[in-house]
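Read through the structure below, which is laid out as structure tokens, and then see the notes.
All of the numbers you see were taken from the coordinates with simple rules; none came from a lab. Fair warning: this is a prediction, and the values are worked out from it, not measured in the lab. So basically every Cβ, Gly included, is an ideal-geometry build from the backbone, and we count neighbours across all protein chains shown.
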Amino acid sequence: MSTTKKEPRSKFYELLQQQVSNEVRASQQYVALAVWFDSEDMPRLAKRFYTQAVEERNHALAIVQYLLDTDHHVEIPGTGEIRNDFSEPVELIEFALNQEKDVARDIENLARTARAEDDYTGEQFLQWFLKEQVEEISRMSTLLNVAKRAKGNVFEIERFLDTESGGGVDPTMPPVAGGAL
């Protein structure tokens, strides 16, 4: 017998459920970018974006775990439309940077909404995501700057990524439903 959990109809939890959808879509979009780089024989760029896809998946499932932990109903969304048509690396990286900026605005709106609703636990949960978005935007901005300076020489971008140290899983990240990948 299945029971449905009671869910307060707060704006914060509606937005949090929407953020699960946003993170799932971002994950799939990063897979599409990675596949484009892979098909163009750019293995370091492909790896960066495959890794980014896994990070976004983990973000979605961290929110799912929070919703479960706070006794809220969770809906796992579809991904919606994913863009696959690109022509050059700079275009993909600019697209990814804009996606990260959109996510940052969404997280900031969530934090504002939690605060407005006096949901201190929700606001605290979002602190890690706010910090993460600063890092994501910074890393993607750096990659875009490197790509622009390379002036079409993808080997320079690949070499940069080959020497750059990866981030790995952040031990301060909130728990992920099913475990972080």
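Using a 7 Å offset from the Cα along the Cα-to-Cβ direction at both GLN124 and SER87, what is the distance between the two label points in nm, to one decimal? Distance between label points: 5.1 nm. Simple spin-label estimate for ASP71 and ASP38 gives 4.3 nm between the two label positions (7 Å along the Cα-to-Cβ direction from each Cα).
Over all pairs of different C-alpha atoms, the stretch 11-163 has a mean inverse distance whose reciprocal, the Kirkwood radius, equals 16.3 Å.
For ILE63, ILE82, what ranking results if the residue with the fewest other Cβ atoms within 10 Å of its Cβ goes first?
Ranking ILE63, ILE82 by Cβ neighbours within 10 Å, fewest first, gives ILE82, ILE63.
If R0 is 22 Å, what FRET efficiency do you get for ASP170 and GLU108 from their C-beta distance, rounded to 0.05? Approximately 0.70, to the nearest 0.05.
If you rank TRP36, TRP128 by fewest surrounding Cβ atoms within 10 Å, what's the result?
TRP128, TRP36
Since only THR113, ILE137, GLN124 are under comparison, the one whose Cα sits farthest along the positive direction of the charge dipole of the stretch 112-170, derived from C-beta charges on Lys, Arg, Asp and Glu, is ILE137.
Remark: the stretch 11-163 carries a charge dipole of roughly 500 debye about the Cα centre, counting +1 on each Lys and Arg Cβ and -1 on each Asp and Glu Cβ. The ranking of TYR50, TYR120 from fewest to most other beta carbons within 10 Å of each one's beta carbon is TYR120, TYR50.
Given the DSSP H assignment, sum -39500 (n - 2.57) over each helix run of at least 4 residues in the chain and divide by its residue total; what's the result at 222 nm in deg cm²/dmol, nearest 500? Dividing the helical sum by the residues of the chain leaves -24500 deg cm²/dmol.
Determine the distance separating the Cα centre of the stretch 54-113 from the Cα centre of the stretch 132-156; give it in Å without decimals. Using only Cα atoms, the two centres lie 20 Å from each other. Take every pair of alpha-carbon atoms less than 8 Å apart whose residues are at least six positions apart; their mean separation over the length of the stretch 11-163 yields a relative contact order of 27 percent. Taking the chain as a Gaussian network of alpha-carbon nodes connected by springs under 10 Å, the highest mean-square fluctuation of the residues GLU23, GLU117, GLU164 belongs to GLU164.
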